[in-house]
Amino acid sequence: MSDPSTDLNTLYPAHLATLQARSDRALERGGFDHLVVPAGMAHYQFLDDRDYPFAVNPHFKHWLPVTRAPGSWLVYTPGRRPRLIYLQPRDYWHVVPEAPAGYWVDAFDITIIREPAQARALLPADPARCAIIGEPNAALDGFAPNNPQAVIDYLHYHRAYKTPYELALMRVASRLGARGHRAAEAAFRDGASEFAIHCAYLAATQLAEHELPYGNIIALNEHAAVLHYTDLDRVPPTRPHAFLIDAGASFHGYASDITRTWAAERDGEFQALIDAVDAAQRGFCAKVRPGQSYPQLHLHAHHVLGGILRDHGFVRMSAEAAVEAGVTGVFFPHGLGHGIGLQVHDVAGFAADEAGAAIAKPAGHPYLRLTRTLAPGMVTTIEPGLYFIDLLLAELKTRPEARDIDWARVDAFRRYGGIRIEDDVVCTDGAPENLTREAFAALDH
């Protein structure tokens, strides 16, 4: 018998009912009769007839697990079944989207069209009565996205609260990502280049590059000090010291976002620093509970990491002094994490309410992407790091705090680049669910 917690046939109807209820309220707030969501159209490269990889409108894939049907439309009118206008073009140049099938199709009235322009006759007659959420290039004969802010604010605010159906999809995405990470670590241990490690990851996940939720960060040695390093060297370093991989996977439009850092020497000084950051990260994950202010968790992380910097001999000041002076920000210059789901950096991370009010970031922490108070159903990444970034370290050397830094020890660690450890964690009514750690554990059984 199937597990009801992962049976999409069982979970999807309640998910759809939740979206309908949210849309009813959003439309009422905005004064509209219909919610209309285009899947989107392909974007063509400048002065060329080649399109970029298609990225579906997140509002479209929120309703149904269709990510490869450009030119399609969703129409929802309160009190009626949602309608899907599905483009299956007559085309021998490209693969045509398959006919709609699966656990979700019975919930929709589906009409097949052969040309994008045919959708206009099937959309509501009066665009002024519609909240049309999408990109400008989806427009058809005067029927163009208007993206009403009142509707978007409401939908985005509530999108942070994942349904059981969404969590089931994210568990699959996490398992795919964990499988890729295991293959990537093995390739690193075998002495592979960044590009070869990347290829091993793709092979293990069975995802093409354009199917990943974001470009893989595959960084050997000092490249890990570049936070968004994506160059993928084809030649391995003469001597590998460290490996940082930040790579996720997608399933039915939902993302995982996982980072691990590995030391070439399993019992060396860099491994000891990794172990300290890993222990701290697990502690931060344990605090993903209802009522937890995410900005406060971020600031707590700075204090813990400040203690690690002191304990491992990089600074000669207390954790409190290191945070107050902004020294921890040199070694940990990004936010602790962000919401995740339909998008890697999911929307409404700063939303104070349904009406678009925002919660400010803490002073001195401009890159924090989440300021909300955690509640059941939210999924957030927890990704502390410690890095040896030449640009930031050079600036620190000019400040009075430079006298409290052991520069010889800092210089010795530049070859490692840095450490980041990232899990996707669900806030529940009780103990958090760590999607990432559970996915790795499942590979071991």
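Taking each residue of the range 98-124 that is within 16 Å of Thr67 (Cβ to Cβ) and without any contact (Cβ under 8 Å) to a residue 12 or more places away in the chain and looking for partners that are assigned to a loop (DSSP other than H, G, I, E, B) and open to solvent by less than 60 Å² (accessible area, probe 1.4 Å) with beta-carbon atoms closer than 9 Å, six or more apart or interchain, yields Glu98/Gln88; Val105/Leu64. With respect to the conditions (1) free of Cβ contacts under 8 Å to residues at least 40 places away in the same chain; (2) buried (at least 19 other Cβ atoms within 10 Å of the Cβ); (3) part of a loop (DSSP other than H, G, I, E, B), Asp346 lacks only one, and its number is (1). Against the conditions (1) within 19 Å of Lys361 (Cβ to Cβ); (2) part of a strand (DSSP E or B), Val330 satisfies every one except (2).
The rows are residues; the columns are (1) touching a residue at least 40 places away in the same chain (Cβ under 8 Å); (2) touching a Leu at 6+ places or on another chain (Cβ under 7 Å); (3) under 25 Å from Leu435 (Cβ atoms); (4) open to solvent by 30 Å² or more (accessible area, probe 1.4 Å).
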site	(1), (2), (3), (4)
Asn146	no, no, no, yes
Glu166	yes, no, yes, no
Arg171	yes, yes, yes, yes
Ala178	yes, yes, yes, no
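Does Trp63 satisfy the condition of being farther than 24 Å from Ile340 by Cα and either buried (at least 17 other Cβ atoms within 10 Å of the Cβ) or in contact with a helix residue (DSSP H, G or I) (Cβ under 9 Å, 6 or more places away or on another chain) (or both)? The answer is no for Trp63. One residue alone among Leu396, Leu386, Leu391 is open to solvent by 50 Å² or more (accessible area, probe 1.4 Å) and either closer than 18 Å to Phe314 by Cβ or not in a loop (DSSP other than H, G, I, E, B) (or both), and that residue is Leu391. Here the range 45-60 is the region considered, the condition is being open to solvent by 50 Å² or more (accessible area, probe 1.4 Å) and either of a type in the set (Asp, Glu) or within 21 Å of Phe143 (Cβ to Cβ) (or both), and the residue that is nearest to the chain's Cα centre (by Cα) is Phe54.
Whenever a residue of the range 1-20 is at pLDDT 95 or above, it has no partner that is of a type in the set (D, E, K, R) lying with C-beta atoms less than 6 angstrom away and at least six residues away or across chains. If you go through the range 140-160 one residue at a time, do you hit one that is at pLDDT below 95 and in a loop (DSSP other than H, G, I, E, B)? Scanning the range 140-160 turns up at least one residue that is at pLDDT below 95 and in a loop (DSSP other than H, G, I, E, B). Just one of the numbered conditions (1) in contact with an Asp or Glu (Cβ under 9 Å, 6 or more places away or on another chain); (2) closer than 29 Å to Ala355 by Cα; (3) open to solvent by 30 Å² or more (accessible area, probe 1.4 Å); (4) aliphatic (A, V, I, L, M) is not true of Met41: (2). With respect to being assigned to a helix (DSSP H, G or I), at pLDDT 95 or above and closer than 12 Å to Asp246 by Cα, Gly177 fits the description. Among the residues making up the range 242-297, a single one is touching a His at 6+ places or on another chain (Cβ under 7 Å) and of a type in the set (D, E, K, R): Arg260.
Say we look at the range 286-329 and pick out the residues that are touching a strand residue (DSSP E or B) at 6+ places or on another chain (Cβ under 6 Å) and under 22 Å from Ala431 (Cβ atoms); which of these is surrounded by the most Cβ atoms within 10 Å (Cβ to Cβ)? Among those that are touching a strand residue (DSSP E or B) at 6+ places or on another chain (Cβ under 6 Å) and under 22 Å from Ala431 (Cβ atoms), it is Val288. Restricting attention to the range 303-328, the residues that are closer than 17 Å to Ile421 by Cα and either among the hydrophobic types (A, V, I, L, M, F, W, C) or touching a residue at least 40 places away in the same chain (Cβ under 8 Å) (or both) total 4. Being of a type in the set (A, V, I, L, M, F, W, C), more than 11 Å from Ser174 (Cβ to Cβ) and buried (at least 24 other Cβ atoms within 10 Å of the Cβ) is the filter here; which residues of the range 243-272 pass it? Within the range 243-272, Phe243, Leu244, Ile245, Ala247 meet the criteria.
The values are calculated or read from the model by the stated rules, or taken from the named source; none is laboratory data. Every value quoted in this text rests on a predicted model; they were computed, and no experiment measured them. Note that each Cβ is placed from the backbone with ideal geometry, even for glycine, and that neighbours are counted across all protein chains shown. Remember, those area values only see protein heavy atoms, side chains included, never the ligands or the DNA or RNA. Shrake-Rupley method; radii C 1.70, N 1.55, O 1.52, S 1.80 Å.
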